[in-house]
Amino acid sequence: MKPVAAVLMAGLFLSAPLQAAELSVAVAANFTAPMQKIAAAFEKETGHKLALSFGSTGKFYAQIKNGAPFEVLFAADDETPARLEREGEGVAGTRFTYAIGKLVLWSKQPGLVDDKGEVLRTGSFERIALADPKLAPYGAAAMQTLTQLGLADALSSKFVQGENIGQTYQFVATQNAPLGFVALSQVYAEGRLTEGSAWMVPETLYEPIRQDALILAKGKDNTAAAELMRYLQGDAAKAVIRSYGYGL
Amino acid sequence: MLDHHAWQAVWLTLELATLTTVLLLLVATPLAWWLSQTRSRWRAPISAVVTLPLVLPPTVLGFYLLVLMGPQGPLGQLTLALGWGTLSFTFTGLLIGSIIFSLPFAVQPIQHAFESIGARPLEAAATLRASPLDAFFSVALPLARPGLLTAAILSFAHTVGEFGVVLMIGGNIPGKTRVVSTQIYGHVEAMEYAQAHWLAGGMVAFSFVVLLCLSLLKRNGASVMR
């Protein structure tokens, strides 16, 4: 590299951190992989530093209500951000849907799940994993699907429930449950299924799993918060989000 | 107040803790005796393995158990070959997990009790022509009673408070694998704080009583020995 270019480059890097801020972000566990990718690009582009915490939305709610230092929340649902905004814990008008989760019936075994989900009607399995419908949006969506198909009662004795979608994936990935309802983002990369067999549940069978983001009261005066929200709505971030099997 | 599901979880927890305690005493007593008497070179590694559940994070232990019990795991293949199906998501699976999880809490107090007896009472028994088995049952075991009691109380209490392992291998099935700790966790996650408080408050009171009993027992330990 020529000295002049080096000086110019150094100038570029130095100019960014002038307004660089640190931002504490709470992220739903199911969005871990795309967020890490997006955060790296965002940090490079803006010079801001993101401190990412991954966890369950219910736990984040309890922590935020009790003074946690998070400035932005990327939730796994749309109810929690709306509730926080209502309760004065968020900045009004900053809430938006950053991703729409898709449900998939998945087995690690190739050929076990057919592409129409007929396997559910045969009932030729001992257990079926789903996330706790009370706690996890993907669990609620799985329950709606089974109810729509008229199979919820028939299969209920075969349910094993994960407390979140990550644990549900674990049950199926270790084959302790031969099949289960997981998030498409968990078994999907670069536009196709990573392994096993799956049925993409038609979106007519369950209510859309909207994942909303919100700037929290503690992030009100942090310029990085608004910038991150804008970045998430840009094309670069959207492409990453889609590549992990989310809708938008 | 407590609803039907909560009582079901309470009952299941007590059942799990009781069975775990009984089985643990049967497993831990001979193991503790062997550890207290042997000069084998296997003593140190086996002692370390027994203590391992004390150090491992419960979710790690639970994850390994899940893999072990799964259809690809060695234990899973064994139970499948025997026609029992897999143990994950069953009460039996929880029981095995609990026994492993609380093993150090049972072995260590009993082992210490055996070690503190010393060699002399057993030598005396031998000079009176008691067989080793006879000496164990009529001399060592009665002298180790405080250790056995401590082990029983700790195993019971530790199983009641068990969470990570149950979460990993349980699958949250009402009446089968949903215990009090996972029920509380569910309430908190679902933001049903009132229900969570009732169960959690009960758990705090229960734990306090157990630990109180334990410390009263320890203070009277000397008189129990006599």
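Points to keep in mind about this one:
- Qualifying helices (runs of 4 or more DSSP H) (wholly inside region B:127-226; at least 2 residues being modelled with pLDDT of 90 or more, exposed (fewer than 13 other Cβ atoms within 10 Å of the Cβ) and of a type outside the set (Gly, Ala, Ser)): B:193-219
- Among (1) closer than 30 Å to residue A:226 by Cβ; (2) part of a strand (DSSP E or B), the one test that residue A:104 misses: (1)
- Every test in (1) buried (at least 17 other Cβ atoms within 10 Å of the Cβ); (2) part of a helix (DSSP H, G or I); (3) among the polar types (S, T, N, Q) is passed by residue B:88 save one, and that test is (2).
- Failed condition for residue A:177, given (1) in contact (Cβ under 8 Å) with a residue 40 or more places away in the chain; (2) in the same structural domain as residue A:218 (by TED's automatic domain parsing): (2)
- Residue within region A:82-98 that is in contact with a Lys or Arg (Cβ under 8 Å, 6 or more places away or on another chain), exposed (fewer than 15 other Cβ atoms within 10 Å of the Cβ), within 14 Å of another protein chain (Cβ to nearest Cβ) and not in a strand (DSSP E or B) present: yes
- When every residue of region A:201-218 is checked against the conditions, none turns out to be closer than 30 Å to residue B:77 by Cα, at pLDDT 95 or above and not in a helix (DSSP H, G or I).
- Annotation: of all residues in region A:39-51 being surrounded by 17 or more Cβ atoms within 10 Å (Cβ to Cβ) and touching a residue at least 24 places away in the same chain (Cβ under 8 Å), the one that is farthest from the other protein chains (Cβ to nearest Cβ) is A:47.
- Conditions (1) under 20 Å from residue B:140 (Cβ atoms); (2) in a helix (DSSP H, G or I); (3) without any contact (Cβ under 8 Å) to a residue 12 or more places away in the chain; number of the one not met by residue B:44: (1)
- Residues of region B:47-74 classified as within 10 Å of chain A (Cβ to nearest Cβ), over 10 Å from residue B:168 (Cα atoms) and either part of a loop (DSSP other than H, G, I, E, B) or touching a residue at least 40 places away in the same chain (Cβ under 8 Å) (or both), total: 5
- Just so you know, in region B:170-198 the residues that are at the interface with another protein chain (Cβ under 8 Å from one of its Cβ atoms), β-branched (Val, Ile, Thr) and out of contact with any strand residue (DSSP E or B) (no Cβ under 8 Å at 6 or more places or on another chain) include one that is farthest from residue A:64 (Cα to Cα), and it is B:182.
- Residues of region A:1-54 that are modelled with pLDDT under 60 and outside any helix (DSSP H, G or I): A:1, A:2.
The values are calculated or read from the model by the stated rules, or taken from the named source; none is laboratory data. Bear in mind the structure is a predicted one, so any value in this text is a computation, not a measurement. Note: ideal-geometry Cβ built from the backbone for every residue, glycine included; neighbour counts use all protein chains shown.
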